[in-house]
Structures are given as C-alpha cells and as structure tokens.
Amino acid sequence: MSWQDRLQRAWASNDALAQALRPLGALHAALLRLRVWAYRAGLKKSVPLPRPVIVVGNWIVGGAGKTPATLTLLDLLERQGWRAGVVSRGYGRHDDSRTLLVQAGSKAGDVGDEPLLIHLRSRRPVAVGRDRIAAAQALLAAHPDLHLIVADDGLQHWRLPRQLSIVVIDDRGLGNGRLLPAGPLRQTGPLPAPPGSRDDTLLLYSGGRASTSLPGYVGTRRLAGAVRLEDWWQGRPASPEALQALKGRPVLAVAGLARPQAFFDMLGDQGLDIRPLPLPDHHDFAELPWPADCPELLLTEKDAVKLPPSRAGQTRVWVVALDFRPEFAFEQALRDRVQALLR
C-alpha cells in the first residue's frame, strides 16, 4: 500500500494515524490564519490583472474532478460568447520555474499533463508557470482578445486575484473535516477573499449528488467513449460505440490518477471485463508499465498526453474520454455572474 493510500484510509476511518496527525493539522490551520491575516494587513498583496479571473479548485486533495470541470467551464463560456484562456502551475513539470505557453506539440514533462490535456481537448490558449501572475501576463500578451482568465487549481494561490471561485466537491464531501495531514482538506471552507478579489463562490458537486449540506449545483461525470490513441492525438472524438465494442473480452485498464478506482468502476459499470492497473498520480510513462506483448488496453486522457502513438508498440491502445455535465441551473448562474463581471 502506498503512503497516499494509507493516508486516504486513515482519513476515511479516523484511525490512530489520523488522530496522531491532528497536531500537524492544527499547525496547518494556524499557518492558514496567519496567511489570511498577512493579506488583510497588506503585508502580502494580490497583483491586479486587466481581465477577470475565474478560479477552479477544490478544498479536498486528489481527484475531485477539477480538470473535467475546467473543460466543461471553457465549453460553457465559449457557447455563451466569451473567449477564455487558462493559467496553471502545471504539476509534475521538469522545471516549473519557467513560464511557458502550451502548444499542441508541447511535452507533458515540460508543461504538465493536465494543462496539456486542457489545451488539446479545449483548443483554448493555456499558459503555465509557478508564478500564476506571470503566466496570466504571458497569456494576455499572446492573446489580448481574451475576455476572461480561468485559473486551473489556483484556489489557494492568493497572489492571483479572483472575481469568481468554482469549488469542485466529489462524493467524499469534506472527508473527516480536518486539514492536511490530519484530514484531506486544503481548507475547511470558504476563506475571506484577498483584497482585490470577490467572495463570490459557486460549489459544484461532481459526484452526481450533493455530498455536503452546503448549497451548490450538481453535475455528473460519465465516460464519453473510446478512441484509438493515434486518432486521439489527431483530435478525433471518442465514441460510445467503440467503448461498447470492447465488451466480451478481457482488457487491461490503466490509470495514473489520484483515485484510479473511480475510473475502473466506471468501466465496470459499462459492462467491460477489465484487469485494472493503477499507477501513481501523474505517472510519467518513462517506461511502459505493461508487458510488451499486451494486445489491447484502455487508458485515460490524462495518461494519453504522455504516450505518443510511436511508443505504444504493437499494443492497441484505446483512450477513454471523460465528460462532465453540470445541471442547467449552474449554466444560468455562471452566465449571470460573467455578464456582471464584463459589464
């Protein structure tokens, strides 16, 4: 069992390990309060930007559905007539000190797997950098026609101002209600907005139901279908028929996610006979984790961005796409808030 799995189990059961970590959770809470005070006192400051910022993030660590929600948000904004670009730190980059614009030919090791996936799926401009302000400035310099900036996973990055926060919560809700490392929370709830930002937050439940008592909007994650790896790299969409055609024969399913079992469960719900191969989150695929003679396998899009077709060998690789659909009331709330921001 990995240490991540051990922690997840401790948080779920509130066992002795979770109890032993409570002093560190209290220290985290104290540091969080100190950080809030530093911004309120003007010792730390957000940097103004010429375009409104929508931050997409989560209070709980790992696999809440933030990337599918970001892709859906970009699609909704485009359909409502607004051009948006994305800034992200780009977790897992070889050198995250550089600010880069993501291109179709970028490598996941240089820009991060999730930013590359967002760019390839949405066809929207994306900039990555440890300093999100520098990333936003580079994004606007290259694309001055943008109406909005969407910050992927910048909820706790207060130097970046925000006019709207979208918090994604999955079926775990708020876990045991404790801060890291005694629990899974990065923060226990809405924090006062830093100066120059707004306290406007929309909660978006990604597990098909509200998993806390907090008011919010419900969305569902579903498998959109499958597409051959080489076709996925050409921008061709996944089809439900291709996924259904895999029924009736055992197939290896690979997932380098924070919560790979959720992906395996969705495949099982489709009636597929899978052999699961869970990998660490952001697995780099420097070496292929399956046998060279593996005839066929299923892969997530987050993993596909790190696997050019030339590396698949004789294995037939299918990329399984994941879609996220929020309820219509969320679309209305988003439209109303963006219209107010852009008046």
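A few comments on the model shown:
- Residue that is nearest to the chain's Cα centre (by Cα), among those in region 122-178 that are buried (at least 24 other Cβ atoms within 10 Å of the Cβ) and β-branched (Val, Ile, Thr): VAL168
- Every condition in (1) open to solvent by 10 Å² or more (accessible area, probe 1.4 Å); (2) among the β-branched types (Val, Ile, Thr); (3) farther than 29 Å from VAL87 by Cβ holds for THR201 except the one numbered (3).
- Of the residues PRO194, PRO250, the single one that is in contact (Cβ under 8 Å) with a residue 12 or more places away in the chain, over 21 Å from TRP11 (Cβ atoms) and open to solvent by 60 Å² or more (accessible area, probe 1.4 Å) is PRO250.
- So LEU116, is it surrounded by 14 or more Cβ atoms within 10 Å (Cβ to Cβ), touching a residue at least 60 places away in the same chain (Cβ under 8 Å) and of a type outside the set (Phe, Trp, Tyr): yes
- On inspection, ASP231 fails the criterion of being surrounded by fewer than 19 Cβ atoms within 10 Å (Cβ to Cβ) and either under 30 Å from TYR39 (Cβ atoms) or in contact with a helix residue (DSSP H, G or I) (Cβ under 8 Å, 6 or more places away or on another chain) (or both).
- Restricting attention to region 108-152, the residues that are in a strand (DSSP E or B) and of a type in the set (Val, Ile, Thr) total 4.
- Selected residue (only one of LEU307, LEU288 is among the hydrophobic types (A, V, I, L, M, F, W, C) and closer than 19 Å to LEU116 by Cα): LEU307
- Residue within region 166-178 that is in contact (Cβ under 8 Å) with a residue 12 or more places away in the chain and under 13 Å from VAL53 (Cα atoms) present: yes
- Meets criteria (within 18 Å of the chain's Cα centre (by Cα) and either surrounded by fewer than 16 Cβ atoms within 10 Å (Cβ to Cβ) or outside any helix (DSSP H, G or I) (or both)) for ARG325: yes
- Filtered by the rule that a residue be at pLDDT 95 or above, more than 22 Å from ARG186 (Cα to Cα) and hydroxyl-bearing (Ser, Thr, Tyr), region 45-102 gives THR72, THR99.
- Test: residue in region 47-63 that is out of contact with any Lys or Arg (no Cβ under 9 Å at 6 or more places or on another chain) and among the aliphatic types (A, V, I, L, M): yes
- From the list ARG343, ARG316, the one residue that fits, being modelled with pLDDT of 95 or more and either more than 22 Å from the chain's Cα centre (by Cα) or at positive phi (or both), is ARG316.
- Qualifying residue in region 134-141 (condition: in contact with a His (Cβ under 6 Å, 6 or more places away or on another chain) and either touching a residue at least 24 places away in the same chain (Cβ under 8 Å) or within 15 Å of ARG98 (Cβ to Cβ) (or both)): no
- Of all the numbered requirements in (1) closer than 21 Å to HIS119 by Cβ; (2) at pLDDT below 95, GLN261 misses one, and that requirement is (1).
- Failed criterion for ARG316 (all others in (1) without any contact (Cβ under 8 Å) to a residue 40 or more places away in the chain; (2) open to solvent by 70 Å² or more (accessible area, probe 1.4 Å); (3) within 23 Å of ARG228 (Cβ to Cβ) hold): (1)
- Single residue of region 204-228 satisfying the filter (open to solvent by 60 Å² or more (accessible area, probe 1.4 Å) and under 21 Å from LEU267 (Cα atoms)) that is nearest to the chain's Cα centre (by Cα): ARG221
The values are calculated or read from the model by the stated rules, or taken from the named source; none is laboratory data. Note that this is a predicted model, so its numbers are computed, not measured. Ideal geometry is used to build each Cβ from the backbone, glycine not excepted, and the neighbour counts take in all protein chains shown. These accessible areas exclude ligands, DNA and RNA; they are computed on the full protein's heavy atoms, side chains included. Shrake-Rupley method; radii C 1.70, N 1.55, O 1.52, S 1.80 Å.
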